[in-house]
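Below: one structure, written as structure tokens.
The values are calculated or read from the model by the stated rules, or taken from the named source; none is laboratory data. What you are looking at is a predicted structure, and each value in this text was computed from that prediction instead of being measured. Cβ coordinates were reconstructed from backbone atoms using ideal geometry, including for glycine residues, and neighbour counts include every protein chain displayed.
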Amino acid sequence: MNTIRNILVATDFSSPSEEAVKSAAEMAEQFDANLHIVHVLQPPNYMLPEAYLAYSPQHFGETLRGLTRLLETTKERAASAGARKVTSELLQGVIASEIVTCASKMQCDLVVVGTHGRTGIGHALMGSVAEKIVRMAGCPVLTVRAPALAAA
């Protein structure tokens, strides 16, 4: 097995994502690897009348500040879970594509993502970001479910 030096963990701040961060932090400690935490802000995907703003500049700024605080808190939790070299980044774009691109740029050896474990109609309607990352990534991807979801 190749040495794991760089781990990317994606978070949407949900329960499965928190479990993914915890697992990634533990692996980063075990392998003395760098841990990079990312969150992707995806713009709304709906048609708007010309010159209509989905976010006011003030609302968008508040959103960015809130996400930055959440990322800092997540970084602190990862460090508490054992990761020593932790960085974070807020990206914007299509979630799966941005995560895969970031992992490639950072030469990650592993991507860790949480999954809600949707099946059936929920999966068909919502899709699966984790599944897209697994299909597109150029390195191994570990998917993690929250314990309460795994038991359901």
Practice problem: Just one of (1) under 28 Å from Thr3 (Cα atoms); (2) modelled with pLDDT under 90; (3) not in a helix (DSSP H, G or I) trips up His116, so point out which. | Solution: (1)
Quiz item: Can you spot a residue in the range 52-72 that is under 22 Å from Cys108 (Cα atoms) and at pLDDT 85 or above?
Solution: yes
Quiz item: List the pairs whose first member sits in the range 6-20 and is farther than 12 Å from Ala78 by Cβ, whose second member is of a type outside the set (Gly, Ala, Ser) and assigned to a helix (DSSP H, G or I), and whose Cβ atoms are under 6 Å apart, counting only residues at least 6 apart or on separate chains?
Solution: Ala10/Ile99; Phe13/Leu70
Self-check item: Glu29 in a helix (DSSP H, G or I) and modelled with pLDDT of 95 or more
Solution: yes
Exercise. Could you tell me whether the range 4-21 includes any residue that is exposed (fewer than 11 other Cβ atoms within 10 Å of the Cβ) and modelled with pLDDT under 95?
Key: no
Self-check item: Candidate set: the range 73-92, residues that are surrounded by 14 or more Cβ atoms within 10 Å (Cβ to Cβ) and either touching a Phe, Trp or Tyr at 6+ places or on another chain (Cβ under 9 Å) or in a loop (DSSP other than H, G, I, E, B) (or both); chosen: the one modelled with the highest pLDDT
Solution: Thr74
